[in-house]
1. Can you tell which of Gly366, Gly340 is out of contact with any His (no Cβ under 7 Å at 6 or more places or on another chain), among the small types (Gly, Ala, Ser) and at pLDDT 90 or above?
2. Residues of segment 106-122 being small (Gly, Ala, Ser) and out of contact with any strand residue (DSSP E or B) (no Cβ under 8 Å at 6 or more places or on another chain), which ones?
3. Out of Phe258, Phe296, which single residue is surrounded by 14 or more Cβ atoms within 10 Å (Cβ to Cβ) and modelled with pLDDT under 95?
4. Those residues that are surrounded by fewer than 19 Cβ atoms within 10 Å (Cβ to Cβ), over 12 Å from Leu9 (Cα atoms) and in contact with a helix residue (DSSP H, G or I) (Cβ under 8 Å, 6 or more places away or on another chain), I need them from segment 25-34; list them, please.
5. Confirm whether Glu45 is in contact with a Leu (Cβ under 6 Å, 6 or more places away or on another chain), in contact (Cβ under 8 Å) with a residue 12 or more places away in the chain and open to solvent by 60 Å² or more (accessible area, probe 1.4 Å).
6. Residue check, Glu103 against (1) surrounded by fewer than 19 Cβ atoms within 10 Å (Cβ to Cβ); (2) farther than 15 Å from Met174 by Cβ, all met but one. Which one?
7. For segment 287-312, name all the residues that are farther than 12 Å from Ala262 by Cβ and either among the polar types (S, T, N, Q) or without any contact (Cβ under 8 Å) to a residue 40 or more places away in the chain (or both).
Amino acid sequence: MSSSPQTALWVDATTLTPGETPDALAYLRSSAASYLVVRHDQLAEWQPIDRLKTALLVGAGDESLAEQIATDERIHMVIARTPADLPVARALAGQRGVGARCEIVDGDTMNEAADLSGKVDVVLAVFADETNIPLELLLAKAQSTRTDVVKQLLNTAEAHTVAGVLESGPAGLMVSAEHLSAVDLVTQVVKEHGQIRKDLVELEVLRAEPIGMGHRGCIDTTTLFGEDEGMIIGSTSSGGILVCAEVHYLPYMKLRPFRVNAGAVHSYVFGAEDTAYISDLEAGERAHAVAADGTFREVGIGRIKTEVRPLRLIEARHGDVTVNVILQDDWHVRVMGGDGKPKNLTDVTPGSTLLGLVTEPGRHVGIKVSEHIDEH
């Protein structure tokens, strides 16, 4: 299940002194950072880690490092210290990506940075002022080119406003490794910015009945669900019902707060932008946890656990849209009531209200298509 890419978190370690570097790099290994910007002398302290890419900052005088850089597999990208240093960066990069750090203090330096759109892979934009107008101009110029714009934050308070600039926003936000607490704060902002809200609706239950045995899948995630969270599950592309995570009291077994007992394997799992069949989900893919207020947040899939179990059909309606879901027929399976409170599945009867999502029908392998499809 795909989703829109999140804003990447960059950390600038180039301002650290040699004495500060080892502890900071050790901390960053377990952070949510995606890119680390370093000087060449700091690489001696850095052991590679797959999820954290390394960008090397270079400038005039670093030409002598060509042989060392050419064979160093830890370096994923080479960043020019200033636009004037781009010839050095390109010469040292080889087949790696190339970027430039641009200090933007006036109209001339703004235009200089904008002119790099389509010519480099990344522009690290360091603005002298907090106003977002120059950033908007830079993003507009870089749009539809190969160039990503990464905004260095003057302070963590900027993160909330910067992340929402224009519809797409910058590809990344960069913080200084001198303030490691800022890494965690900006991580939370980036996470919140990646959340999407949709309007959930009340559905009136029309049918609730056992339908015999079948295969059902549990979706185990790499995160913990909140008490009002679960996933939107449905048998048709018209929508689905909010099935609660296993975060509520179970008398005979321990809670599994990472799990949604999601229903029959043919079911759709609704994401913020698309859907996937339960049977198509695999470890390492992404899906969405959904809260009762309609907040979708991205979560990782750990495994899909499939077993033969008795099943129950729930059919419900909102306006002229009818949806249904087939779940394991057991009282410990919960669905979210129309009042935002969990209900035991076996307590759901015709006339009950449930919380769910309705959409325009019409999907092939989870992809929205413009055609009429009637599903029963």
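The values are calculated or read from the model by the stated rules, or taken from the named source; none is laboratory data. As the structure is a computational prediction, the values presented were derived from the model and not from experiment. With ideal geometry, Cβ positions are generated from the backbone for all residues, glycine too; neighbour counts draw on all protein chains shown. These area figures cover heavy atoms from the full protein model, side chains too; ligands, DNA and RNA do not enter into them. Shrake-Rupley method; radii C 1.70, N 1.55, O 1.52, S 1.80 Å.
1. On the way: Gly366 fails: at pLDDT 90 or above.
Matching residue, one of Gly366, Gly340: Gly340.
2. Residues of segment 106-122 that are small (Gly, Ala, Ser), as a first pass: 107, 113-114, 117-118.
Gly107, Ala114, Gly118, listed by residue number.
3. Values: Phe258 fails: modelled with pLDDT under 95.
Criteria check complete, one pass: Phe296.
4. Tyr27
5. Details: in contact with a Leu (Cβ under 6 Å, 6 or more places away or on another chain): yes; in contact (Cβ under 8 Å) with a residue 12 or more places away in the chain: yes; open to solvent by 60 Å² or more (accessible area, probe 1.4 Å): yes.
In short, yes.
6. Among (1) surrounded by fewer than 19 Cβ atoms within 10 Å (Cβ to Cβ); (2) farther than 15 Å from Met174 by Cβ, the lone unmet condition for Glu103 is (2).
7. Within segment 287-312, just Thr295 meets the criteria.
Listed here are the residues, each with its yes/no results for (1) open to solvent by less than 10 Å² (accessible area, probe 1.4 Å); (2) modelled with pLDDT of 95 or more.
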{"site": "Ala163", "(1), (2)": "yes, no"}
{"site": "Gly172", "(1), (2)": "yes, no"}
{"site": "Val183", "(1), (2)": "yes, no"}
{"site": "Glu192", "(1), (2)": "no, no"}
{"site": "Ile219", "(1), (2)": "yes, yes"}
{"site": "Glu227", "(1), (2)": "no, no"}
{"site": "Ile232", "(1), (2)": "yes, yes"}
{"site": "Tyr249", "(1), (2)": "no, no"}
{"site": "Ala262", "(1), (2)": "yes, no"}
